Amino acid sequence: MNKPDYIVVSAEVQHALDNNLPIVALESTIISHGMPWPQNAITAKQVEDVVRQQGAVPATIAIKDGKCHVGLTSEEIDYFAQTHDVWKVSIRDMPFVISQKLPGATTVAATMRIASMAGINIFATGGIGGVHRGAEETMDISADLTEMGQTNVAIVAAGVKSILDIGLTLEYMETLGIPVVTYGQDEFPSFYSSKSGFNSPLRLDSTKAIAELMKAKWGLELNGSVLIANPVPTEFEMNVEVIEQQILKALSAANEQHIKGKEVTPFILKYIADNTQGESLETNIALIKNNARVAAEIAVAYSKLAN
Ligand code: PSU
Ligand code: MN
């Protein structure tokens with residue numbers, strides 16, 4: 001079997017590919033492991049609608065029956081939102097989950113790789129994985145970063161969550177040659193908040209300028225991602241101190257319960273959601289929709305640039 005035999009592209013996405021229409025890839029780990037039912041399914045579908053409203057085509061990506069699916073039906077989204085034993089699939093898990101024909105929700109790393117195989121170069125999500133706090137001991141650094149160092153898919157995210165070490169994550173992206181552009185402000189955002197205390201390495205104020213930067217990067221054959229940090233809308237922002245307290249509690253609970261490896265991120269996300277009376281979930285939903293909107297605008301701008 002060749003690489004294309006492992007990929008199934010929906011009719012809607014294939015039509016967009018054939019006609020060079022703007023497309024935005026969307027991940028499924030956020031559906032299966034990042035949010036509770038039924039908000040996860042409702043949000044995933046609303047996010048697709050946001051992309052369509054901007055004149056782009058959504059391509060939600062997941063693994064099923066031994067294939068990478070690019071573009072899911074509403075029933076498939078419900079399946080990934082409701083099923084309990086869905087694998088969280090990063091790059092290293094892909095061969096196992098595909099050969100064993102298991103259901104798999106793809107992380108940022110796996111989603112961007114599959115998007116790239118299908119010919120899609122823009123991707124919207126909530127937050128990326130990064131260098132964890134204490135990584136100098138645990139070496140817990142998300143494969144999202146290594147993948148971003150090599151695969152030509154731009155990512156729109158609301159910055160980096162402060163469950164991670166934001167400073168080290170920015171350093172690591174510099175090492176990998178990943179341009180980090182914050183949309184419309186000088187400060188790099190931290191997911192729940194538009195602030196992080198860190199200056200953004202780069203700032204651009206229009207989606208057209210961002211599309212031009214992407215074109216220049218890949219035109220120079222500088223492989224890898226561009227991270228577009230899109231601050232959460234102010235009306236949905238959470239208080240930085242409240243979030244920091246919750247994160248510290250979540251990290252010590254993870255430590256006490258010996259949570260390790262790929263379980264760390266989902267554990268912390270769930271802990272924070274459970275302990276903020278759903279406020280963090282509301283913020284999460286608002287920012288992912290906002291990211292989908294900006295990603296679709298960038299996809300439209302990018303498709304207008306002469307090749
Ligand atoms: N950060 C979030 N929400 C998420 C994730 C990260 O704010 O849903 C998910 C994404 O799918 C990301 C993955 O790619 O967690 C990173 O997991 P790890 O840290 O195990 O690489
Ligand atoms: Mn990890």
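General remarks:
- Condition check for E235: open to solvent by less than 60 Å² (accessible area, probe 1.4 Å) and charged (D, E, K, R): no
- Contact annotation: residue pairs with Cβ atoms under 6 Å, 6 or more positions apart or on different chains, pairing a residue in the stretch 1-24 that is open to solvent by less than 70 Å² (accessible area, probe 1.4 Å) with a partner that is not hydrophobic (A, V, I, L, M, F, W, C), are V8/K67; V8/H69; S10/G71; V13/G71; L17/G119; P22/S303; V24/P58.
- Taking each residue of the stretch 134-157 that is within 24 Å of V294 (Cβ to Cβ) and modelled with pLDDT of 95 or more and looking for partners that are within 13 Å of ligand 1 (Cβ to nearest atom) and of a type in the set (D, E, K, R) with beta-carbon atoms closer than 6 Å, six or more apart or interchain, yields T151/R113.
- Of all residues in the stretch 140-159 being surrounded by 24 or more Cβ atoms within 10 Å (Cβ to Cβ) and among the β-branched types (V, I, T), the one that is nearest to ligand 1 (Cβ to nearest atom): I155
- Single unsatisfied condition, N40 versus (1) in contact with a helix residue (DSSP H, G or I) (Cβ under 7 Å, 6 or more places away or on another chain); (2) of a type outside the set (G, A, S); (3) within 13 Å of ligand 1 (Cβ to nearest atom); (4) open to solvent by 10 Å² or more (accessible area, probe 1.4 Å): (4)
- Answer residue from the stretch 276-292, given it is part of a helix (DSSP H, G or I) and without any contact (Cβ under 8 Å) to a residue 60 or more places away in the chain and is most open to solvent (accessible area, probe 1.4 Å) among those: E282
The values are calculated or read from the model by the stated rules, or taken from the named source; none is laboratory data. Owing to the predicted nature of the structure, the values given are computational and were not obtained by experimental measurement. In this analysis, Cβ positions are derived from the backbone assuming ideal geometry, glycine residues included, and neighbour counts consider all displayed protein chains. For accessibility, only protein heavy atoms count, side chains too; no ligands or nucleic acids. Shrake-Rupley method; radii C 1.70, N 1.55, O 1.52, S 1.80 Å.
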